[in-house]
Structures are given as structure tokens and as C-alpha cells.
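Heads up, the thing below is written out as C-alpha cells.
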Protein chains: 2
Amino acid sequence: MAVLAAIFVTAAGDALGAGAGSEATNASPIYGVTIPDGYRGWKLVAPALEADPLNELRAVVGNSVAIEAYRAGTLPFPDGTVLVKLAWKRVQSPEFEPASVPGAATTVQVMVKDSKKYAATGGWGFGRFVDGKPVDEAQHQTCFACHEARVRGHDHVFTRYAP
Amino acid sequence: MAVLAAIFVTAAGDALGAGAGSEATNASPIYGVTIPDGYRGWKLVAPALEADPLNELRAVVGNSVAIEAYRAGTLPFPDGTVLVKLAWKRVQSPEFEPASVPGAATTVQVMVKDSKKYAATGGWGFGRFVDGKPVDEAQHQTCFACHEARVRGHDHVFTRYAP
């Protein structure tokens, strides 16, 4: 399985094969998904706000496969698509009253499309990370059920490309 | 002045010299700033929420000069920095109750650093655009006064790089 754990990084900074092998130390339970290298520099899909009690600002970014699929309206997303959702506590701007802005980072959430490896979960592998470490298996058991119930018609992906 | 109106686009999609010449048809009043090519693919600085009555989700992106400056903590921002703020009406997600997401695009706002050209306004040129067209001169008169009053100590830039 060692070869499956390799991360292939393109010139554009995309990490392909972000769903890594079983020996990866920071891989998610169930799926073996890791945080892809360079995701902080990926292109923006859309921001979002999560209400209380989480009270978070979010931003979904995608690798080049993801962005090309969004722009072309390609569904289902092709294998190799990787989406990352960044999240921060929402805090009042101290400089402009009507604005609120990112505070501390909270979670990083990753979806990786591999229609063969993840055939049982709509072709998607999931990973939720806090401080770079995956959360427990119980939390990962909830990912697919919710995506399947709510956005099966959009290939299990909530976020749309912001115009 | 024709040569000044040219847009120089790098391989990374950055538009340099986004403050264009006086003959640009879609340039902002006072500053002559235009919407830079390819900004929708620029890297994310941070998302934000703007409260009522605007009720908007925002995302600031930057060209490569901007992102490098943010990551290195460089202040003031170097000449060639271009920041773009995208904004959308905030709408309830129809698929996940706690989330709100981008609706229709509203404004695109641009800041261009050129310490000589814009010496009278802290080195920054400003542009606010609706449907790709600059808003009127009266609105552009307000840009620098507010940035100067509130964030002079951060080189007149509100947005910080989200961790």
C-alpha cells in the first residue's frame, strides 16, 4: 500500500490522490483522507456563514480538477476532484462595525473524489480535521449520510461556485 | 498614455498595472482603476460577513504580490499589490438550515498599490464596480477617507490574511 500513500503535487500546487494509504498517520478514519498540500493557495469556490452555535465563516476552495468542473458545470465531479472547506470563528471587526471577519481557525474538511475507492459512499472520501488531526470515527460516520440525504442531486456536494 | 493602459498578465493570471490609463472605458473615477483580468482565480485572503442592511458575504482575493506580502507580513504592501473584494447577497441555504451562502453578486471592489501614482491617497487607487461598471465619483470620494481613518496603521487595508 505504500505507493498509494504518495502525494503527487503538480506545478499548480494541487495534491492528487489526497485519499492516502492506510499507513498515513494523519488520515481520516473510514476513508483514509489526508489534508492536501498547498490547499490554502487553491482557488475559491465560495464563502459561507454557519450560524450559531458554531458561528463560523467558511470558505471552500478546490484543486484545479474541481475548479474546472465547477466552471464547466460538470456533474458528477471527475475523479481527482478535491474540495477543502476552511472554517474560522466569526468575530466582530474591531475596525468596521458592520463587518465580521475570521478569528481562530476551527476545522478543515476535505472531500476527495475517487469513484472506485469510495464507490460505497457516492464516490467521495471525507476527512474532518482539527489542528491538523482527524476527528474520531463516530464523527466521520455522519459525513456521507448527511450529504446523501441533502445533496445527492448535486453529486453529494453542498457548495456551488459563487458567481 | 496608451502604453500605460496595457494590462500585463503573468502565467499565474495576475494582472499587473490594474490602474489603467485615462482612456480605459471601465476605469474608476478619480483613480482610473479597472477590474483586473483573472481575479476570480486569485488566492483567498479572507472571507467576511457584512451585516444588514447590505447583508452580504464577501471574499477578498489577491494577486501574487499581495499574497506574498501577506504571508511574509510585509507592510506597507509593495507596489503592484492588487486586492479584489467580491461580494454577494447572503441567502439561506435551501439544503442546510444553519448555513447561508452567496446569492447574486453585488459589487467588486479593487485596491491597487502604486506609491507614486497614488501618493496623495496612501499609495492606493480604489475602484468600486457594479455589473462591471464603476460607480460614480461621489462614491469614490469616500474610499480613502474611511480607509485612512480606520486602518492607516495597516497600510490602509482592512482585510487580514485568514489563518
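What's the carbon and sulfur percent of chain A's accessible surface, probe 1.4 angstrom, rounded to a whole number? The partial results should precede the final answer.
Values: 4320 of 7410 Å².
Taking all protein chains in place, chain A shows 58 percent carbon and sulfur surface.
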Area hidden from solvent between A and B (accessible, protein heavy atoms only, 1.4 Å, total, Å²): 3000 Å²
Give me the inter-chain shielding for B:150-156: mean count of other chain Cβ atoms within 10 Å, whole number please. 1
Hz values of 3J(HN,Hα) by residue in segment B:110-115 - Karplus curve (6.51, -1.76, 1.60), Gly and Pro given as x: 10, 10, 10, 8, 8, 5
Ignoring ligands, DNA and RNA, what accessible area per residue does chain B give at 1.4 Å, in Å²? 46 Å²
Shielding by partners - mean other protein chain Cβ count within 10 Å, residues of A:100-108: 3
Gain in length, A:ARG71 to A:GLN139, computed as 0.36 nm per residue apart minus the alpha-carbon separation, to one decimal in nm? 21.3 nm
Rounded to the nearest 10 Å², what accessible area does B:ILE30 have for a 1.4 Å probe in the complete protein model? 90 Å²
Descending semi-axes in Å of the protein assembly as shown, equivalent ellipsoid built from Cα gyration tensor: 37, 21, 18
So what is the calculated 222 nm ellipticity per residue for chain B, using -39500 (n - 2.57) for each DSSP H run with n of 4 or more, over all residues, to the nearest 500 deg cm²/dmol? -4500 deg cm²/dmol
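Taking a 1.4 Å probe, which of A:CYS146, B:CYS143 shows the most accessible area, and what order do the others take after it? Could you put the intermediate results ahead of the total?
Values: A:CYS146 45, B:CYS143 20 Å².
Highest to lowest solvent-accessible surface, that is A:CYS146, B:CYS143.
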For segment B:39-163: Kirkwood Rh in Å [reciprocal of mean 1/r, alpha carbons]: 15.4 Å
Surface accessible to a 1.4 Å probe, B:GLU97 within the full protein complex, Å²: 110 Å²
Taking all protein chains together and a probe of 1.4 Å, list A:ARG152, B:ARG40 from the most accessible to the least accessible. A:ARG152, B:ARG40
Computed accessible area, A:LYS133, all protein chains, 1.4 angstrom probe, square angstrom: 110 Å²
In whole angstrom, the spacing between the Cα centers of segment B:63-133 and segment A:106-163 equals 30 Å
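The values are calculated or read from the model by the stated rules, or taken from the named source; none is laboratory data. Since the model is a prediction, treat every value here as computed from it, not as a measurement. Here the Cβ is made from the backbone with ideal geometry for all residues, glycine too, and neighbour counts use every protein chain on show. Surface areas here come from the heavy atoms of the whole protein model, side chains and all, with no ligands, DNA or RNA. Shrake-Rupley method; radii C 1.70, N 1.55, O 1.52, S 1.80 Å.
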